[in-house]
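Shown next, in structure tokens, is the structure this report addresses.
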Amino acid sequence: MSFFLDTGKRQIDLSYPVCMGIINATPDSFSDGSELAKNPEDKFIVDIDKALFRADSFVKQGALIVDVGGESTRPGARKIPIEEELDRVIPIIQAIKANLDVCISIDTSSAQVMTEAINAGAEIVNDIRALSNANALSVAVDSQVAVCLMHMQGQPRTMQQSYRYDDVKQEVFRFLETRVAACKSAGISSERILIDVGFGFGKSLEHNFELLKYLAHFKSLNLPILVGISRKSMIGGLVNRPPQERLAGSIAATMLALGNGANIVRTHDVAATVDAIKVHSAYTLAEML
Ligand code: 8Y4
């Protein structure tokens, strides 16, 4: 287990879990999309000042990473043109880079968006398609950035309509193992790789909780584990509340993920997540006495 993530520009210490705050530059985002739209009546326009304010608050609350995404990956979401995705994310990355010292992650599957985001200062490529799109792997190889490889069954538009596993943890494990091997043989060293089981991406409530329960098994890949649980339907399906009211449930599930070895927590609620990480870290230290 490597204790640092190498992004080319910095080494992120993962001796303790760290928090990644979500900056969604998408109009349909449940937490901040419409807040980031300048004129809700008109075509979606990214408000850079609002995105920057959000990133700044995240940093003040203790996030070490901000994840900027412009392609909605919510269940049922449709694809958008690359130009639109670029228009959404690049100005935000440039503004964050110019004003804050925080590691920027780009949530995209497009090689072109990756390239321009890296040029603008992104240090992590967070790809829900695990670098499977054309040229995505070579863009990552030719840069110094870190990559997050996530498991998904199907595609966002339809993934929650039909999913099928014989053994979800085995299938997700083998997928990640294969993608990690592809990255390593293409020239990405293990210090630059994160893995993610992809909660909610083509998975039932039961699949998600089975993966959560067996998260520690993924430690055998000897790579840091990122988890994205925040406000997802795996919480909503249990507490029966809309996304903005899923904080307590999300933190409870985050505690379980931390207990099972999660190293990076992707969240809409940085302050609460940092508190949970502090409680977990104190508990971990107390265990060792
Ligand atoms: C309710 C709330 C229903 C949220 C669905 C969603 C992950 C991720 C997303 C993740 C990594 C989302 C970009 C989807 N989730 N990246 N991205 N891991 N690495 N759905 O789990 O939040 S967006």
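One residue is enough: does the range 91-104 have a residue meeting the conditions among the acidic types (Asp, Glu) and closer than 26 Å to residue 185 by Cβ? Checked the range 91-104: no residue is among the acidic types (Asp, Glu) and closer than 26 Å to residue 185 by Cβ. Checked against (1) surrounded by fewer than 17 Cβ atoms within 10 Å (Cβ to Cβ); (2) at pLDDT 85 or above; (3) within 14 Å of the ligand (Cβ to nearest atom), residue 113 passes all but condition (1). Mind checking whether some residue in the range 189-200 is near the ligand (Cβ under 8 Å from one of its atoms), under 20 Å from residue 145 (Cβ atoms) and touching an Asp or Glu at 6+ places or on another chain (Cβ under 6 Å)? Checked the range 189-200: no residue is near the ligand (Cβ under 8 Å from one of its atoms), under 20 Å from residue 145 (Cβ atoms) and touching an Asp or Glu at 6+ places or on another chain (Cβ under 6 Å). Within the range 116-132, being in contact (Cβ under 8 Å) with a residue 24 or more places away in the chain and surrounded by 24 or more Cβ atoms within 10 Å (Cβ to Cβ) holds for 117, 122, 123, 124, 126, 130, 131. The condition of being closer than 18 Å to residue 7 by Cβ and touching an Asp or Glu at 6+ places or on another chain (Cβ under 6 Å) holds for only one of 101, 107, 127, that being 107.
Regarding residue 252, is this residue away from the ligand (no atom under 13 Å from the Cβ), out of contact with any His (no Cβ under 7 Å at 6 or more places or on another chain) and within 24 Å of residue 23 (Cα to Cα)? Yes; evaluated as a whole, the condition is true for this residue. Based on what the data block shows, is residue 173 more than 15 Å from the ligand (Cβ to nearest atom), aromatic (Phe, Trp, Tyr) and either in a helix (DSSP H, G or I) or touching a Gly at 6+ places or on another chain (Cβ under 9 Å) (or both)? It is true that residue 173 is more than 15 Å from the ligand (Cβ to nearest atom), aromatic (Phe, Trp, Tyr) and either in a helix (DSSP H, G or I) or touching a Gly at 6+ places or on another chain (Cβ under 9 Å) (or both). Residue count for the range 235-285, restricted to those that are basic (Lys, Arg) and buried (at least 20 other Cβ atoms within 10 Å of the Cβ): 2.
The values are calculated or read from the model by the stated rules, or taken from the named source; none is laboratory data. It should be emphasised that the depicted structure is a prediction, and the values quoted were computed from it without experimental measurement. Glycine gets a Cβ as well: all are built from the backbone with ideal geometry, and neighbour counts include every protein chain shown.
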